[in-house]
Structure formats: C-alpha cells, structure tokens
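Asks: The structure that follows is given in the form of structure tokens.
What follows draws every value from the coordinates through simple rules; no lab data is involved. Computed from a predicted structure; not experimentally measured. No Cβ is skipped: glycine too gets one built from the backbone with ideal geometry, and neighbour counts run over all protein chains shown.
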Amino acid sequence: MGRHVHDPPETGDGSPLLVAVGLALAHRRGGPPVHALRGVDAVFPRGGFTAVTGPSGSGKSTLLHCLAGLERPDAGTVLLRGREITGSAEPGLTRLRAREFGFVFQTANLLPSLTVAENITLGQRLSGLPADRAWREELVDALGLGPRLRHRPFELSGGQRQRAAVARALVHRPSVLFADEPTGQLDSRSGARVLDALRAAASVYGQTVVMVTHDPAAAARADRVLHLRDGRIAAEAAGPAASVRALPGAGGPGWPDPGGGTGAPEGGAG
Ligand SMILES: Nc1ncnc2c1ncn2[C@@H]1O[C@H](COP(=O)(O)OP(=O)(O)O)[C@@H](O)[C@H]1O
Ligand SMILES: [Mg+2]
C-alpha cells in the first residue's frame, strides 16, 4: 500500500473535513443577478460520500465550485480542516486546490495526444506533487486500467475514459474528490463502475467524496444526499449506502472487481 510521501492518509473517521457556512453567490453576467446560492450550510465528514442533487439550475455546480475554491462566494466561508480557504488568493489557492482536491467532470477531458498513463500523472507532475508509485499502481489496477495504460484516449470506451479521469483525480491522494455529474454521459453499466470507484474511494480509502448528480441511482450510492432547491438545501437524507456502511462486520465493499475493464467490451458510451 503506497500511502506515504506527502500526506497522512485520510482516515475516514467522520470528523468534519470540509465545512460551508452561509454560502451565497449571485452570478452577474450581463443581465440581472442570478442568485445561484442563497445561504448554504453543510458539513462534509472525512471519509463520507455525499451526493448533491436537485433540479437543473438549483445551484449544484455553483456549490461544488465554491467548496472547491473554483468560484468565490459573495458571502459565507469554506473551511478545510478548520482553516478558511474562501479568502485565499491565487496562486496559493491554486496550489491548495492541486494538492488537496481532485476533480471529475461529466466528460473525462483527457489530452488526446497523451497515453492514459501520461494523462493520469500529468497534473501531479505539473504541480510538482510527489509521485507515489505503489498507490498509482493500486489505483490503476483497481480501476481496471492496467491493460489500457499505453493506449490513447480515443482507443478507450467512454466508461474507461471516465475511470481514467477518476484515477487522475485520485493519483495525488487528495483530501476531497469533487465530481460533477460524473456519470452523465455514460450508459448505466459503465456509470455503475465509475460509481463503484467513487464508493470505494470513500469506503476503502477514507476519501471524502462530494458528487453532484441529478441521477437518483447515482445518489443512492452515497452515504447521504443533500437536496438543493433554488440555491438552498431543501432536504438532507441518509443515502441507502449509509446503512450498508454502518452494518457491523458486514465486510465493507472493496474496490470493484476490475474484470470488465480488462478488455471486455463495455457499453457504447461515448
Ligand atoms: N457563469 C454563470 N453566469 C451566469 N449565470 C450562471 C452561471 N453559472 C450558473 N448560472 C446560473 O446560476 C444558477 C445555478 O446554476 P448551477 O449551479 O449551474 O446549477 P445546477 O448545477 O444545479 O444545474 C442557474 O440559474 C444558472 O443559469
Ligand atoms: Mg450543474
């Protein structure tokens, strides 16, 4: 197990890792302000898998961007391990993001001229973050990407590309993995494998996962669901995965069996 180098492992002990207090943000581009967030308070426990759901336009992506320091809220604060990041200035914030956060979006956005292996490690190398080879190999293995490492993205299925994006997001052992509609472009089978990986990141590796989705099946894999409506949290519920996770001696879920990713055809996504 290669968890050493730069960071103590996130232990998944459920203590507050990321906290949002009173987040408000209005988008002002041209016309009248669009109030995307109207006062959001939320605590993301270490090792927890939180799904953020809600109708289109309810502020899900804006919330994720504010939590990750990609957008600056008009009001409110975001604290990472008790330290406020909301007021941080570039380039400190850029460095913090690179070190502490991993991102998965709806499309994998792999660089077409690089191999899968190069894509996975590019950000880490550009940010000068230390490489942890054993961890990278474990990740690649668990995601079923081993046989694809020397391939270019166009030779992969949509599901494989998105799993490469998950590997890229986790390779530097971030504190928080943010995902915005990570299964939005996938058929249900390859989507399920990506969700397996996110689930395992939280359950097995104690990673804190925040996933925006409008897909109820995806949200069902989380420990809890925050439901946004009109820029506010309208409801919060424990996800089905929470009870699974809490069962004593249930032998928590492991990494997904990489079986299907080793060359077997995979649904026609992407
Ligand atoms: N860059 C932007 N400029 C102007 N309005 C925006 C921008 N981004 C989002 N919005 C608006 O803010 C609201 C919330 O958007 P968003 O956070 O993307 O919602 P969701 O992810 O839930 O669909 C929507 O009304 C959207 O149109
Ligand atoms: Mg969105």
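Asks: ³J(HN,Hα) across segment 19-35 via Karplus (A = 6.51, B = -1.76, C = 1.60, θ = phi - 60°), whole Hz, x for Gly/Pro?
Replies: 10, 10, 10, x, 5, 9, 8, 10, 7, 10, 9, x, x, x, x, 9, 7
Asks: Another one. What are the extents of the Cα atoms of segment 1-159 along their three principal axes, in Å, largest first?
Replies: 49, 36, 30 Å, listed from the longest principal axis down.
Asks: Points 7 angstrom from Cα along the Cβ direction at A131 and R189: gap in nanometres?
Replies: My value for the distance between the label points is 3.4 nm.
Asks: For a Förster distance of 25 Å, can you work out the FRET efficiency between the beta-carbons of F154 and L70, rounded to the nearest 0.05?
Replies: Working from the Cβ atoms, E equals 0.35.
Asks: Go through segment 134-146 residue by residue and turn each phi into a ³J(HN,Hα) via Karplus (6.51, -1.76, 1.60, θ = phi - 60°); whole Hz please, and just put x for glycine and proline.
Replies: Along segment 134-146, the couplings run 4, 5, 4, 5, 5, 5, 4, 4, 5, 8, x, 9, x Hz.
Asks: Residues with amide H under 5 Å of G102's amide H, sequence separation 5 or more or different chain, H placed in the peptide plane at 1.01 Å from N; which?
Replies: Answer set, sorted by chain and number: V176, L177, F178.
Asks: Now for a different question. Could you check the simple spin-label distance between V34 and R95, using points 7 Å along Cα→Cβ, in nm with one decimal?
Replies: Reported label-point gap for V34 and R95 is 3.5 nm.
Asks: Apply the Karplus curve 6.51 cos²θ - 1.76 cosθ + 1.60, θ = phi - 60°, to the phi angles in segment 221-233 and return the couplings in whole Hz, x for Gly and Pro.
Replies: Values, residue by residue: 7, 8, 6, 7, 10, 9, 9, 9, 9, 6, x, 10, 7 Hz.
Asks: Any idea what Rg and Dmax come out to for segment 40-86 if you just take the C-alpha atoms, in Å?
Replies: 11.1, 31
Asks: I've got another one for you. Could you please report the charge total around G231, scoring K, R as +1 and D, E as -1 over all other residues with beta-carbon less than 13 angstrom from its beta-carbon?
Replies: +1
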